[in-house]
Amino acid sequence: MVNVPDPTPSSRKLVGQPLLISISIFASLGVFLFGYDQGVMSGIITGPHFRKYFGNPDAVSIGTMVAVLEVGAFITSAAAGRIGDIVGRKGTLFIGAIIFTVGGAIQTLTAGFWTMIVGRVISGFGVGLLSTIVPIYQSEISPPNHRGSLACIEFTMNIAGYSSSVWMDYFCSFLNSDLSWRIPLFVQCIIGAILAAGALMMPESWCIDTDKDAEGFRVLVDLNGGDPQNPTAIAEFKEIKDRVMEERASGVARSYYEMWKRYKRRVLLAMSSQAFAQLVRNWRSGVSLVLYLTDRIVLSEAGWIGRDAILMTGINSLIYILSTIPPWYLVDRWGRRPILLSGAVIMAISLTATGWWMYIDVPRTPNAVVICVIIYNAAFGYSWGPLPWLYPPEIMPLTIRAKGVSLSTSTNWAFNFLVGEVTPELQEVITWRLYPMHGFFCACSFILVYFLYPETKGVPLEEMDLVFGEDEREEREENADDDEDNEVDGIDETTSLLSTATPNGSRKRPHKKGWFGIFKRRPTAGELRT
């Protein structure tokens, strides 16, 4: 029996939905910063003052200067799971912001190539922590019925950061001095400092699992309107505490090995979502990383050059932002699967069309390519942009959520770096064929989601085991130990991804769907119980 503690005193003036929205927006500064850094290098590396200052670096030097950030991000994203469990989500957010700000300052004041490399690596350490911990924090403070929309708002902030950096590069390109590239780099330091200061005022979402029950209950109370007698806050506290106690009673260690052993399928699904997000997106990268040279690579190939290409990229980024808004309303209504499936179809078509227009190379090719790029970006921003950041923290159990998300995020950075390094060679060797090739990856992502991704819309994080069939599996194993003759036929995690279970553990044959039936949502955990 879980006893509900008296909540700690609170001085927060905002409670309920205003508190939730304000926390979400402020936490999203972390991904805004991440997006800004992705885009800021794309303009300054082609500027005449930047190139003169660094001695007209060749493509390899530029690529290294850009790519080393991902090396740092990969390292800390892999370690962020452990860090998040030790210092908490709030502490990890603060540390990531401070590290990023220091790296940005080193870049701004750089005295040469190697100083810039050091600054980029340090900033990468900060980006790795922020890109891992912000989605976790967002998922843990969000109510089930709004978790998807808040995560999509978070992604919009990421693209807003990218767009801001593109326009900052554009306007600063008119400055006739080294300030044309130092100012854009300095702006990220300001944003990082604001995030670090704000992180100290944000509530901690990692309390109950560390036995800070009163503090954790206070956070739940504030998020649910401020009344300690609120039945929703009490029910959420009991559910989370019950889950924590069950995990402790099982005696299973919270190691990466045990996570892989018990939740291998969830880990692979989380990692696959991030891997395919890069495989369907990285076709735009020309030096090393997605978004750094962005559409300017394609635009230059299609006939757009110089400052006009930067301006067109800025306009395209605004359309990109607008494309991320519909999921705010659709993700918690349609569900995750329909958005991922429809996005994969549209991206595959637009990528294939891009390759075709470049192949025929007619006078209309430049404008046609721009249209294809805009359609592609809109489809990506609506689907495979935000959802791979939402899905991993949703499906991971509380006790290993940070570790699981750290693996999925490190997969993001690993594929980002790998594909980014291969892309320049592929552009030279297979030219226009590169685009339909990544359209093929979109088709593969469609198949993966259709057959393996369960719907998580509206499912509380603490009830996600039911979606994957683990409650039924554990009950079956317990019954088998007690009486082998009366073994209950449960379902395992593999089966639950492809079929539906009845409340007593028996298995239903999956309902056959027609073509349009794939866009219908799958049963939620609550519906499976009834």
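The values are calculated or read from the model by the stated rules, or taken from the named source; none is laboratory data. This one's a predicted model, so the numbers in the text were calculated from it and none came from an experiment. Glycine gets a Cβ as well: all are built from the backbone with ideal geometry, and neighbour counts include every protein chain shown. Ligands, DNA and RNA are stripped out before the accessible areas are found, and what is left, the full protein with its side chains, is counted by its heavy atoms. Shrake-Rupley method; radii C 1.70, N 1.55, O 1.52, S 1.80 Å.
Cross-link pairs exceeding 22 Å in C-alpha to C-alpha distance, out of 241/264; 212/457; 261/457; 212/238, comprise 241/264; 212/457; 261/457. Residue 362 to residue 318: FRET efficiency via 1/(1 + (r/R0)^6), r the Cβ-Cβ distance, R0 25 Å, to the nearest 0.05? The formula returns an efficiency of 0.35 here. The value given for segment 411-466 is a Kirkwood hydrodynamic radius of 14.2 Å, derived from the mean inverse Cα-Cα separation. The spread of Cα positions in segment 14-124, taken along each principal axis and listed from longest to shortest, comes to 54, 29, 20 Å.
Taking the inverse of the average 1/r across all pairs of different Cα atoms in segment 117-198, what Kirkwood radius in Å do you get? For segment 117-198, the Kirkwood estimate is 14.8 Å. The share of accessible area on segment 116-269 that comes from carbon and sulfur is 64 percent, using a 1.4 angstrom probe.
What's the long-distance tail for segment 345-426, i.e. % of Cα pairs beyond 19 Å? Of all Cα-Cα distances in segment 345-426, 58 percent exceed 19 Å. Taking chymotrypsin sites (Phe, Trp or Tyr not before Pro) across segment 14-51, none is in a DSSP loop with at most 15 further Cβ atoms lying within 10 angstrom of its Cβ.
Surface exposure of segment 108-164, expressed per residue as accessible area with a 1.4 Å probe, stands at 25 Å². The distance from the alpha carbon centre of segment 138-185 to that of segment 370-440 is 18 Å, rounded to a whole number. Across segment 129-241, the mean sequence separation of Cα contacts (distance under 8 Å, 6 or more residues apart), normalised by length, yields a relative contact order of 15 percent.
Computed over segment 163-202, the convex hull of the alpha-carbon atoms projects to a mean area of 3.0 nm².
In a Debye calculation with equal point scatterers on the alpha-carbon sites of segment 193-261 and no solvent, what is log10 I(q)/I(0) at q = 0.20 Å⁻¹? Values returned for q = 0.20 Å⁻¹ are -0.87. Rounded to two decimals, the Cα-based Rg/Rh of segment 399-438, with Kirkwood Rh, is 1.25.
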